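Asks: Structure provided below as structure tokens; questions to follow.
We did not get these values from a lab; they are worked out from the coordinates using the rules stated. Please read these numbers as outputs of a predicted model, since none were measured by experiment. Every residue, glycine among them, receives a Cβ derived from its backbone with ideal geometry; neighbour counts consider all protein chains shown.
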Amino acid sequence: MRVLECLSINPGVFIGRAKLIRCRKYHIEKTQIVEEERESELELLLSAIDLVESDIQNYLDQYQISETDKDIIRIHQLILRDPEVLALLEHELKEKSSSAPQAVLNAFNQIVQQFRELDNDFFAQRAVDYKDVAHRLLGSLLGDTGEDYSAWEPDQIAIVQEISPSQVTNFASFNIPAYCSERGAYNSHASILTRAMNITALSAIPQLLELVEEDETLIIDALNSRLIISPDEATLNQYRELLEKYDRQQEELKGAAGQSARTLSGRRIKLMCNIELPQEIDRILELKADGIGLFRTEFLYMGKKHLPTEEEQYQIYTGIAKKMAPHPVTIRTFDLGGDKLTHLIPSPREENPYLGCRGIRFSLAHKEVFKTQIRAILRASTDSNIKVMFPMINDSEDFLKARAIVLECMKELDGKGETYDTDIDLGVMIEVPSAALCAEELAHVCDFFSIGTNDLVQYTLAVDRNNENLSSQYIQHHPAVINLIRFSINAARKNSIPVSVCGEMASIDEYVPLLIGLGINELSINPTACFRVKNIISHCDDTLDSVIKKLPETITLPEIETLVFKTLAPYYQI
Ligand code: PEP
Ligand code: MG
């Protein structure tokens, strides 16, 4: 039995057998053509493009997925009709006398290579889309229909090197329940579709295709980001029980969705959700969450060819706020820079982007982009419960600069006779140690805090949150982090402003009792964790508060580990 730590793309548990899908190696028999063949080869290429395009259209017509998810798939149609791509293909055919399939291979390799050289996450993901289109075209030209999923058994798990959006749509069409991939990022197009289609998935597993054998038994534990290869009988039984319990729990908890989250002692905990994309809102409504505690708006940039206009943003914000009413929607202004580089606003390359022009710094440096967003949010706040939150705030100076822009936008809207919530709450993310250490002064000027533990841990411990090799050192319960959280809670309390936690810590079972015991009354979590977290909250009581309140500030890491993983275990191991 081997256990591998991986990246969970969509939570869930699945037990099944491995089915390896190796990278396709296309064999092109005829690579060169003579002059007389150019026209017919071009015809072949154009009809392959038509065919692939209509395949994509059939899929779009057939499947009931949200418009935003469809947009991800439509990107492939745009690539197929991109004049620059077509020019490259024609150049290959006419100038280099390549056959149609060879032209596809050369042209797309060239594009993919250019994206790779940019050494940036966003473009690396675009490269996957182009590779995917190339595979579709080659498949069509060479009569290779690809993997025949119709013969797959229901317990088979796809094992792939790199997952592409078209593969995800294929999996969904053939009810393939789970996959594992060597490469993949949480926010890639393929991963977003995976979550939309609710396929259990793990990624970032180096050398997966060498580590796993055909038909080997696997346990995908995408609740704990673990892949278990050839589990022993005891582990298998343990997971079978867990799976049964998990399914039962999901059913029971669905029934309890309408009830609000309360501890055993009756303390009301606001349980809100984090969203990245507007179409997630319907699911949040089903979960009957107490609002949106974090809307990561930078994802509005994804797959777009132009910056989202004020009107486009207004429509999205107002749509979400109206659906969520009367519950609040906390819109975080664009958190661009760092790992969220945007292709739409060219910026100089930075040696150290995480310590560079990101979050509020980026917005203050691109004032017009920032103001467009603020005006859209303000307009949407008319008759809605919208709050604004700024990312990567260091201190009250940062906040006051951001607030000045909001005031400037309010004046502009006044001039145009537009309405907005004049009392709109403006809050900050506490996600860098300086903000936590300056929490007292920040609490004097802003309306609320939301603790972003993902970055707070990264910046406090100086451990890159995306570095797989440092994952054992990315310790979310580290005493330094806990003390900064306590510091922020105390400052918020003293100044009577609300404080929530919106980082991943709030969605992790083990940390829920700790956060509740530290005095947090609002959590904003990953929607998939909603039922579980609500259940854990209902098992927390006053004894928990008294255990945690007595924690000395000098607590050590082993002491916190004993507290979280032993003393508090009965609260979440339910
Ligand atoms: C965080 O840093 O905890 C957070 C919620 O923001 P993001 O994960 O988008 O950086
Ligand atoms: Mg953050």
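Asks: Put +1 on the Cβ of every Lys and Arg and -1 on every Asp and Glu Cβ in region 154-305; which of 164, 295, 185 then has its Cα farthest towards the positive end of the dipole?
Replies: Of the options given, the answer is 295.
Asks: Percent of alpha carbon pairs in the chain separated by more than 30 Å?
Replies: I get 56 percent for the Cα pairs in the chain exceeding 30 Å.
Asks: Just rank 357, 530, fewest to most, by other beta-carbon atoms within 10 angstrom.
Replies: Going from sparsest to densest Cβ surroundings: 357, 530.
Asks: Need the C-alpha centroid separation for region 401-434 versus region 265-325, integer Å.
Replies: 19
Asks: Give the long-range amide H neighbours of residue 386: residues separated by 5 or more places, or on another chain, with amide H under 5 Å away, using H modelled in the peptide plane at 1.01 Å from N.
Replies: Here the answer is 329, since their amide H atoms fall under 5 Å of that of residue 386.
Asks: Of 32, 472, 378, whose Cα points farthest to the positive end of the dipole of the chain (charges on the beta-carbon: +1 Lys, Arg; -1 Asp, Glu; origin at the Cα centre)?
Replies: 378
Asks: Tell me which residues come under 5 Å, amide H to amide H, from residue 182 once H is placed; ignore anything under 5 positions away on its chain.
Replies: 160, 161, 162, 205
Asks: So what's region 369-491 giving for Rg/Rh, alpha carbon basis, Kirkwood Rh from the mean inverse pair distance?
Replies: With Rh from the inverse mean 1/r over Cα pairs, Rg/Rh is 1.07.
Asks: So how much slack lies between residue 86 and residue 311, counting 0.36 nm per residue of separation and subtracting their Cα-Cα distance, in nm?
Replies: Computed gain between residue 86 and residue 311 is 77.7 nm.
Asks: Still on this structure: Quick one: which residues, 5+ away or cross-chain, put their amide H under 5 Å from the amide H of residue 524? H built at 1.01 Å from N.
Replies: 272, 501, 502
Asks: Continuing with this model, one more query. Is region 134-257 rounded, prolate or oblate when judged by the Cα gyration tensor, a ≥ b ≥ c being the square roots of its eigenvalues, rounded requiring a/c under 1.5 and prolate requiring a/b larger than b/c?
Replies: prolate
Asks: Hey, if you put +1 on the Cβ of every Lys and Arg and -1 on every Asp and Glu Cβ in the chain, which of 557, 544, 86 ends up farthest toward the positive end of that dipole?
Replies: Checked the options; the winner is 544.
Asks: With the contact rule set at Cα under 8 Å and sequence spacing of 6 or more, what percent relative contact order holds for region 321-476?
Replies: The normalised contact order for region 321-476 reaches 21 percent.
Asks: Is there a quick way to get the dipole size of the chain? I mean about its Cα centre, with the Cβ of Lys and Arg at +1 and of Asp and Glu at -1; what is the value in debye to the nearest 20?
Replies: Charge dipole, the chain, about its Cα centre: 1800 debye, nearest 20.
Asks: I'd like the Karplus ³J(HN,Hα) series for region 545-550: coefficients 6.51, -1.76, 1.60, θ = phi - 60°, whole numbers in Hz, and an x wherever there's a Gly or Pro.
Replies: Computed from phi, the couplings for region 545-550 are 4, 6, 4, 6, 5, 7 Hz.
Asks: Residue by residue, what Karplus-based ³J(HN,Hα) values in Hz, rounded to whole numbers, does region 28-37 have, using 6.51, -1.76 and 1.60 with θ = phi - 60° and x for Gly and Pro?
Replies: Running phi through 6.51 cos²θ - 1.76 cosθ + 1.60 with θ = phi - 60° gives 9, 5, 10, 9, 10, 10, 9, 3, 5, 8 Hz.
Asks: Right, next: Which ordering of 571, 26 is given by a fewest-first count of other beta-carbon atoms within 10 Å?
Replies: Going from sparsest to densest Cβ surroundings: 26, 571.
Asks: Provide Rg and Dmax in Å for region 26-121, with only Cα atoms included in the calculation.
Replies: Expressed in Å, the Cα Rg and Dmax of region 26-121 come to 15.5, 47.
Asks: Right, here's the next one. Given only helices, namely DSSP H runs of n ≥ 4 each adding -39500 (n - 2.57), what is the per-residue ellipticity at 222 nm of the chain, to the nearest 500 deg cm²/dmol?
Replies: Rounded to the nearest 500, it is -14500 deg cm²/dmol.
Asks: Can you tell me which lysines have their Cα less than 17 Å from the Cα of residue 323? Leave out same-chain residues fewer than eight positions away.
Replies: Result set, ordered by chain and number: 288, 387.
Asks: How much length would be gained if the chain were fully extended between residue 50 and residue 245, taking 0.36 nm per residue of separation minus their Cα-Cα distance, in nm to one decimal?
Replies: Separation in residues times 0.36 nm, less the Cα-Cα distance, equals 65.4 nm.
Asks: Going through the cross-link list 254/566; 70/94; 371/416; 30/131; 367/411, which pairs have a Cα-Cα distance over 23 Å in this structure?
Replies: Check vs 23 Å cut-off fails for 254/566; 70/94.
Asks: Could I ask something else about it? Between the alpha-carbon centers of region 16-32 and region 155-215, tell me the distance in whole angstrom.
Replies: Each part's Cα centre sits 17 Å from the other's.
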